[in-house]
Amino acid sequence: MKQPIYLDYAATTPVDLKVYKKMKKFFLFTGIFGNSASRSHQFGWDAEKAICKARKNIAQLINADPREIIFTSGATESNNLAIKGLYEFHKKKNTHIITSQIEHKSVLDSCRYLESKGCQITYLKPNKYGMINLNELNNTILPHTLLISIIHVNNEVGIIQNISKISKICKNKKIFLHIDATQSIGKLKIDVQKLNIDLLSFSGHKIYGPKGIGVLYVRRRPRIRLTSQIHGGGHERGLRSGTLPIHQIVGLGEACKILKKEMYNDILHYSKLQNLLWNGIKNIEEIYLNTYLKNSVSNILNISFNFVEGESLIMALKNLAISSGSACTSSSLEPSYVLRAMGIKDELAHSSIRFSIGRFTTIHEIEITIKSIHLAIQKLRELSPLWEMYQKGINIEKIIWNK
Amino acid sequence: MTYSKKVLDHYENPRNVGSFSSKKKNIGTSLVGAPACGDVMKLQIKVNKKGIIEDACFKTYGCGSAIASSSLMTEWIKGKTLKEASKIQNTAIVKELNLPPVKIHCSILAEDAIKGAISNYLSKNMLNKNIKKYK
């Protein structure tokens, strides 16, 4: 069977061949398989050495110290550790956290959990482009605000938040700053020193590394103190116990090494294809771009096709692997909470599709995508009573619908 | 979401897509659902003097199950009397299409569309007294 064209790189990426080749050496008896916690023999020392090297590669990508890199199972766990861990350590004094309505579920649900423990949370509403208003952010800061946790690049629409300005606010008011960088790593340059970030999460499987491995950057100077969420042998400076998955760590290290070298080529590639895709479909009638191109990463395009429902469009575009809203929520019937928070009408949110481009996307694939979209939209609009009404000049907003 | 073969078939080849002129007296029209909820169905029936649904057509904005449910419903009501058509229940649609639980809503919408089109036809033809009977 011919595979569909993969345009869901924001959900996950395949492992880069160079990464895979490197990882292969870390499974068998003939390779490096030891437990890096074994300090009494060569197998353990070899494993430790490989992990050190990977840690260095990862740290270099974000200009951190290798000792500031804590391995987790992915960005979801990193976000949990950062938010819950920081709160638990400081809860006697500071009990207010500021975040936004367009965070990943792992941040939102961690915050909801802390609310049940008595923590006060402010969820900032973004503007229509998905941008957080910095004045509003300033105004919601309380004397007991502990943390501001903000997603660097939103996974559904690709909007970039102004981290350097948010960071300045945090430093002035002595508030910790956590950044969810899952979608920004590899698409934007991130320098944790320059940006003065205290905690930063990301995962391997969005950057052509393996799944099941993530990082929490934890600043050393001044030291950020967290209460660990997983207890055991005291691995990772006691912050995250569990035997280190050497193959995954080496894979992530290699993925970061490639990014350090190739990131700008990747970005150029994404921009070129994103332009091609958008220019190929933007003339379709009643199409709305939910990605604010002036301030977004170049690999994500979120588009609403009015009068066509998202899921049926995905079915019509069966030669494309795409998602409506975020992949994590596509099993629910509710329209995307991100688009809703941006003030996009429910009907347009129901009609939205996210295309995300990656390192292995080709011009040819984008050309096929453009053709497929035109055909599918035409087919589904012929089926749509709303399109028929729109063409007859009936104002759909004025109809009283029985919901 | 994995759909049954029947849903996919109706989605790929929807039956009876189109529109009749809603001004004509022998046509009953219904429009159910809401754009904000992600589903809107328009059903039209053409009724002959004997009270039999001679023809039916639909247009649907919605997911694959909504489109399949409306396509199936047009097939089922054609040739039936108004009374017979009004007895079609959503559970039969769910069973025939093997709809997943989250999509039962689509079958309810289809049932509502049938009832709505019949009552529209009856009220147009001043058969208001009969409407109750078909509800």
- Message: Suppose the filter is over 23 Å from B:PRO14 (Cβ atoms), surrounded by 12 or more Cβ atoms within 10 Å (Cβ to Cβ) and within 14 Å of another protein chain (Cβ to nearest Cβ); does A:ILE368 pass it?
- Response: no
- Pairs only if they're at least six apart or on different chains, beta carbon under 7 angstrom, first in region A:335-348 and more than 14 Å from chain B (Cβ to nearest Cβ), second among the β-branched types (Val, Ile, Thr) and surrounded by 19 or more Cβ atoms within 10 Å (Cβ to Cβ); list them, first residue then second. A:VAL338/A:ILE102; A:VAL338/A:VAL157; A:ALA341/A:ILE102
- Query: Restricting the search to region A:7-56, which residues are aliphatic (A, V, I, L, M), surrounded by 15 or more Cβ atoms within 10 Å (Cβ to Cβ) and under 27 Å from A:ALA181 (Cα atoms)?
  - Reply: A:LEU7, A:ALA10, A:ALA11, A:VAL15, A:VAL19, A:MET23, A:ALA50, A:ILE51, A:ALA54
- Query: When you go through A:GLY232, A:GLY186, A:GLY238 one by one, which is the residue that is small (Gly, Ala, Ser) and in contact (Cβ under 8 Å) with a residue 12 or more places away in the chain?
  - Reply: A:GLY186
- Which ones in region A:235-252 are open to solvent by 20 Å² or more (accessible area, probe 1.4 Å), over 24 Å from the mean Cα position of the chain (by Cα) and not basic (Lys, Arg)? A:HIS235, A:GLY238, A:GLY242, A:THR243
- Task: Would you check if B:SER30 is of a type outside the set (Asp, Glu) and open to solvent by 50 Å² or more (accessible area, probe 1.4 Å)?
- Result: no
- Task: Test A:ILE373 against the stated conditions and say whether it is of a type in the set (A, V, I, L, M) and either within 14 Å of chain B (Cβ to nearest Cβ) or open to solvent by 10 Å² or more (accessible area, probe 1.4 Å) (or both).
- Result: no
- Message: Quick check on my filter: what residues within region A:307-323 are at the interface with chain B (Cβ under 9 Å from one of its Cβ atoms) and touching a Phe, Trp or Tyr at 6+ places or on another chain (Cβ under 8 Å)?
- Response: A:PHE307, A:VAL308, A:GLU309, A:SER312, A:MET315
- Message: For the list (1) within 27 Å of A:GLN274 (Cβ to Cβ); (2) within 11 Å of another protein chain (Cβ to nearest Cβ); (3) in contact with a Phe, Trp or Tyr (Cβ under 8 Å, 6 or more places away or on another chain), I need the number of the one condition that A:ARG359 fails.
- Response: (2)
- Message: Testing B:LEU109 on (1) touching a strand residue (DSSP E or B) at 6+ places or on another chain (Cβ under 6 Å); (2) farther than 17 Å from B:ASN13 by Cβ; (3) open to solvent by less than 30 Å² (accessible area, probe 1.4 Å); (4) outside any helix (DSSP H, G or I), one condition comes back false. Which one is that?
- Response: (4)
- Restricting region B:46-63 to residues that are buried (at least 24 other Cβ atoms within 10 Å of the Cβ) and farther than 15 Å from B:LEU122 by Cα, the one farthest from the chain's Cα centre (by Cα) turns out to be B:CYS63
- Message: Looking for something modelled with pLDDT of 95 or more, polar (S, T, N, Q), in contact with a Leu (Cβ under 7 Å, 6 or more places away or on another chain) and assigned to a helix (DSSP H, G or I) - is there at least one such residue anywhere in region A:69-89?
- Response: yes
- Note on the structure: Cβ pairs under 8 Å, 6+ apart or interchain, first in region B:59-78 and at the interface with chain A (Cβ under 7 Å from one of its Cβ atoms) and in a helix (DSSP H, G or I), second among the polar types (S, T, N, Q) and crowded, with 24+ Cβ neighbours inside 10 Å, ordered by first then second residue, are B:GLY64/A:SER312; B:ILE67/A:SER312; B:ILE67/B:THR60
- Only one of these is at pLDDT 95 or above and either open to solvent by less than 10 Å² (accessible area, probe 1.4 Å) or at positive phi (or both): A:ILE141, A:ILE169, A:ILE197. Name it. A:ILE197
- Message: Of everything in region A:91-138, what is open to solvent by 60 Å² or more (accessible area, probe 1.4 Å) and either part of a helix (DSSP H, G or I) or under 14 Å from A:ILE166 (Cα atoms) (or both)? Give them in sequence order.
- Response: A:LYS105, A:ASP109, A:ARG112, A:TYR113, A:GLU115, A:SER116, A:ASN133, A:ASN135, A:GLU136
- Message: Restricting to region A:58-82, count the residues that are within 21 Å of the chain's Cα centre (by Cα) and either among the aliphatic types (A, V, I, L, M) or open to solvent by 30 Å² or more (accessible area, probe 1.4 Å) (or both).
- Response: 16
- Under 6 Å by Cβ, and 6 or more places apart or on different chains, what pairs join a residue from region B:21-34 that is within 12 Å of chain A (Cβ to nearest Cβ) with one that is in a loop (DSSP other than H, G, I, E, B)? B:THR29/B:SER22; B:ALA34/A:TRP401; B:ALA34/A:LYS403
- Look at region A:1-43 and say how many of its residues are closer than 30 Å to A:GLY358 by Cα and outside any helix (DSSP H, G or I). 17
- Item | Odd one out for B:CYS37 among (1) surrounded by fewer than 20 Cβ atoms within 10 Å (Cβ to Cβ); (2) more than 7 Å from chain A (Cβ to nearest Cβ); (3) over 12 Å from B:LYS78 (Cβ atoms) | (2)
- Task: Assess whether A:SER271 counts as being closer than 30 Å to A:CYS52 by Cβ, among the hydroxyl-bearing types (Ser, Thr, Tyr) and open to solvent by less than 70 Å² (accessible area, probe 1.4 Å).
- Result: no
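The values are calculated or read from the model by the stated rules, or taken from the named source; none is laboratory data. Just so we're clear, the structure is a prediction, and the values are computed from it rather than from any experiment. Counting neighbours? That spans all protein chains shown, and the Cβs are built from the backbone with ideal geometry, glycine included. Remember, those area values only see protein heavy atoms, side chains included, never the ligands or the DNA or RNA. Shrake-Rupley method; radii C 1.70, N 1.55, O 1.52, S 1.80 Å.
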